[in-house]
Amino acid sequence: MASIRKLPSGNYRAEVARQGVRSSKVFPTKQAAKDWASREEQLILNSESVKSQTPFGDVMDRYAREVSSTKRGARWEIIRIEKLRKEDLAKKKMADLRAADFADWRDQRLTEVSSGAVIREMNLLSAILTQARKEWGLISSNPLTDVRRPAAPPARDRMPTDDEMEALAISAGSDLANATARAFHAFLFSIETAMRAGEVVGLTWDRVDLKKRVARLDVTKNGTAREVPLSSEAVRLLEALLRKDPVFGLTSAQLDALWRKLRDRAGVVGLTYHDSRHVAIVRLSKKLDVLALARMVGHRDIRQLQTYYSETAEELAKRLD
């Protein structure tokens, strides 16, 4: 709405507030202030109408360029957005998006991928819509807030067997000049430290102190730096490497591809690189109290540890004696 008020100087200030946009200007006469306020309101309203005709796919693309590109996990998020832009949802105009559209899309996606994948995609779409509402003024509300998320899948509890670890070692080979061998070496290092794949491949020698047995991570998933204590086995794994920078001489893309290759060649089914973190947390929970464990693995909320921790009742019973 527009308001006109007289100033002590005798001039008039016109103030306009529409669709979350605020503007003001001073004029020598009341009529001039009214005329300006009327024109400004029309400009704001027309601008909103034009913006709302933007295809959702274009908004996704803008989010990928301006927001995703600034994140540590930019590569994977941008790839996911590129796939989402091929959906029928992306062709709809922002003004036409409804909760029912996303519900239909959700139901279709659940026939194609796991509920966990759908939840991640819905969270990303919601973040895009929230950005479009709060920062870009393209919509007045987020239609995804009225759409039910699928039930979360049970937490993974995949643990490699001794036979599988032996098969993986044979598949990778022992020559650490070979990238495939270093990929398995990185997996073993993650089991010792609970470090994520991105943290492992980003590790450089200037952030490793073998005497103090500490690795410093300046950039982590939750955005805060942390220091990781190194077991004697973790130190041995590092000392066995050739002096490359980064430490393992691999990129995230290389580690992902090489891990899949050596795993499949070993005949191991369903084991992901990230399962190393599960193994590590289960093992570390027998050595560290919950607060020390949370600090080591980088969890601010100790409840997050339940995602990985899966010691059996039988194992717990043995610890009671």
Task: Yes/no for Ala280 being surrounded by fewer than 17 Cβ atoms within 10 Å (Cβ to Cβ), of a type in the set (Gly, Ala, Ser), outside the structural domain of Gly73 (by TED's automatic domain parsing) and in a helix (DSSP H, G or I) - done: no
TODO: Go through (1) modelled with pLDDT under 90; (2) over 25 Å from Thr161 (Cα atoms); (3) loosely packed, with under 13 Cβ neighbours inside 10 Å one by one and return the number of the condition Lys286 breaks.
DONE: (2)
Task: Which numbered condition Val228 fails, given (1) touching a residue at least 60 places away in the same chain (Cβ under 8 Å); (2) not in a strand (DSSP E or B) - done: (2)
Open item on the list: Which residue is nearest to Gln131 (Cα to Cα), if the candidates are limited to segment 53-63 and must be outside any loop (DSSP other than H, G, I, E, B) and touching a strand residue (DSSP E or B) at 6+ places or on another chain (Cβ under 8 Å)?
Closed with: Phe56
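Each row is one residue, and each column tells you yes or no for (1) at pLDDT below 90; (2) within 25 Å of Lys134 (Cβ to Cβ).
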{"site": "Arg65", "(1), (2)": "no, yes"}
{"site": "Thr70", "(1), (2)": "yes, yes"}
{"site": "Trp76", "(1), (2)": "yes, yes"}
{"site": "Asp88", "(1), (2)": "no, no"}
{"site": "Ala95", "(1), (2)": "yes, yes"}
{"site": "Ala103", "(1), (2)": "no, yes"}
{"site": "Arg109", "(1), (2)": "no, no"}
- [ ] With the condition kept exactly as written, say whether any residue in segment 107-119 is surrounded by 16 or more Cβ atoms within 10 Å (Cβ to Cβ) and assigned to a loop (DSSP other than H, G, I, E, B).
- [x] no
Task: Condition met for Glu166 (of a type in the set (D, E, K, R) and loosely packed, with under 13 Cβ neighbours inside 10 Å) - done: yes
TODO: Can you give me the number of residues within segment 151-167 that are touching a residue at least 40 places away in the same chain (Cβ under 8 Å) and within 19 Å of the chain's Cα centre (by Cα)?
DONE: 2
Task: Among the candidates Leu250, Leu238, residue that is in contact (Cβ under 8 Å) with a residue 12 or more places away in the chain, buried (at least 17 other Cβ atoms within 10 Å of the Cβ) and not in a loop (DSSP other than H, G, I, E, B) - done: Leu238
- [ ] Within segment 131-146, count every residue that is touching a residue at least 40 places away in the same chain (Cβ under 8 Å), of a type outside the set (A, V, I, L, M) and not in a helix (DSSP H, G or I).
- [x] 3
Task: Arg149 being among the basic types (Lys, Arg) and in a helix (DSSP H, G or I) - done: no
Task: Restricting segment 81-90 to residues that are without any contact (Cβ under 8 Å) to a residue 40 or more places away in the chain and either touching a Phe, Trp or Tyr at 6+ places or on another chain (Cβ under 8 Å) or aromatic (Phe, Trp, Tyr) (or both), the residue that is surrounded by the fewest Cβ atoms within 10 Å (Cβ to Cβ) - done: Asp88
Open item on the list: Given (1) aliphatic (A, V, I, L, M); (2) farther than 30 Å from Met94 by Cα; (3) part of a loop (DSSP other than H, G, I, E, B), identify the lone condition not met by Ala169.
Closed with: (3)
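Run down Ala266, Ala257, Ala215 and say which single residue is in the same structural domain as Ser190 (by TED's automatic domain parsing), free of Cβ contacts under 8 Å to residues at least 24 places away in the same chain and more than 18 Å from Ala194 (Cβ to Cβ).
After applying the criteria, what remains is Ala257.
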Task: The listed residue being surrounded by 13 or more Cβ atoms within 10 Å (Cβ to Cβ), outside the structural domain of Val282 (by TED's automatic domain parsing), under 30 Å from Asp275 (Cα atoms) and free of Cβ contacts under 8 Å to residues at least 24 places away in the same chain, out of Ile128, Ile78 - done: Ile78
Task: One residue from Ser24, Ser9, Ser38, Ser52 being at pLDDT below 80, over 30 Å from Val201 (Cβ atoms) and small (Gly, Ala, Ser) - done: Ser52
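The values are calculated or read from the model by the stated rules, or taken from the named source; none is laboratory data. All of these numbers come straight from a predicted model, not from anything done at the bench. We place every Cβ from the backbone using ideal geometry, glycine too, and count neighbours over all the protein chains shown.
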